[in-house]
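Presented below is the structure to which this report refers.
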Amino acid sequence: MFFWGMHIMELLKSNLREEIEEIRKQIGMNVDNQVLRQHIEHPPVSQLRIHLLFLYLQQQGLPKSVIRRYIVTSMLIQMALDSHELVSLKQEETLRGTRSRQLTVLAGDYFSSRYYYLLAQIEDVAVIRSLARSIEEINERKISLYWNDKWAAEEYLQCKIAIEASLLQSFVYSRETEKKEEWSRFIFQMLLIEHLLQEYKACRQGAEGGIYWRLLNEEEGTRNSYQLILQHLHRAIHQCRKLVPLLGNDELRAELKHVIDGCALELDNQNARAEEM
């Protein structure tokens, strides 16, 4: 259910590692359903996003109980949105396929019911309003993203990451704090790294790449596409390193540096595996 994590988790301090593990457990408890568990796979939950949101909310001085509730809620929202994306539009030819599609739709609805329940317990009206606005914007952008079949690769990528970053950015914009733009840019660049690493890893391992990889291949060819993704990754990592000194105190900056180092290490490992093949 969870992805992205071993390299980052190994770099974390023990108390932070324990806190993130507890949040992961709470997410698992909220999505656990015997029927769904037997028939479909849940969409993965990004540990990177949990980590980033935890560090941001912790910097705001919020109690751990509130931080946990906010993160669990936002991850359930993400899972609900991702579940509905997994629904196949093609005509299913078997009972198993039809049942799987129906259960995937119901899973998204189930996750939605869980986050609505948790949202009802949050007394911060600004957060609720910001999350609602973010969900609306995500759905509007998705309509644009999937309706238009003539995207250039880089335009598609920017729109895709804007969608992916929206939920986390909604917490930034819901609070009256400094450095909103810096945090928003940092989150965008980190999720860009996450997406590009997934694409790069899939293609290097011979798996089918995503839409960005396909569009890039059509425009640039396979060899150039690998190089362009690597350039993108190095540029995004560099941008994140430049933003870190602008965010928070020394302790927070050290943790953010760990996150970036984990990404750089993952990229190095992917390159090493590619050279061995």
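Here are a few things to note about the model shown:
- Residue within the stretch 219-231 that is in a loop (DSSP other than H, G, I, E, B) and either free of Cβ contacts under 8 Å to residues at least 40 places away in the same chain or not aliphatic (A, V, I, L, M) (or both) present: yes
- Scanning the stretch 42-53 finds no residues that are in a helix (DSSP H, G or I), at pLDDT 75 or above and open to solvent by 40 Å² or more (accessible area, probe 1.4 Å).
- When ALA152 is tested against (1) modelled with pLDDT of 90 or more; (2) surrounded by 15 or more Cβ atoms within 10 Å (Cβ to Cβ); (3) of a type outside the set (D, E, K, R), exactly one condition is not met: (2).
- Tally of residues being surrounded by fewer than 18 Cβ atoms within 10 Å (Cβ to Cβ) and not polar (S, T, N, Q) across the stretch 211-242: 14
The values are calculated or read from the model by the stated rules, or taken from the named source; none is laboratory data. What you see is a predicted model, and the numbers here were worked out from it, not measured in a lab. For neighbour counting, all protein chains shown are included, and Cβ atoms are generated from backbone atoms with ideal geometry for every residue, glycine included. Calculation scope for accessible area: heavy atoms of the full protein, side chains included, ligands and nucleic acids excluded. Shrake-Rupley method; radii C 1.70, N 1.55, O 1.52, S 1.80 Å.
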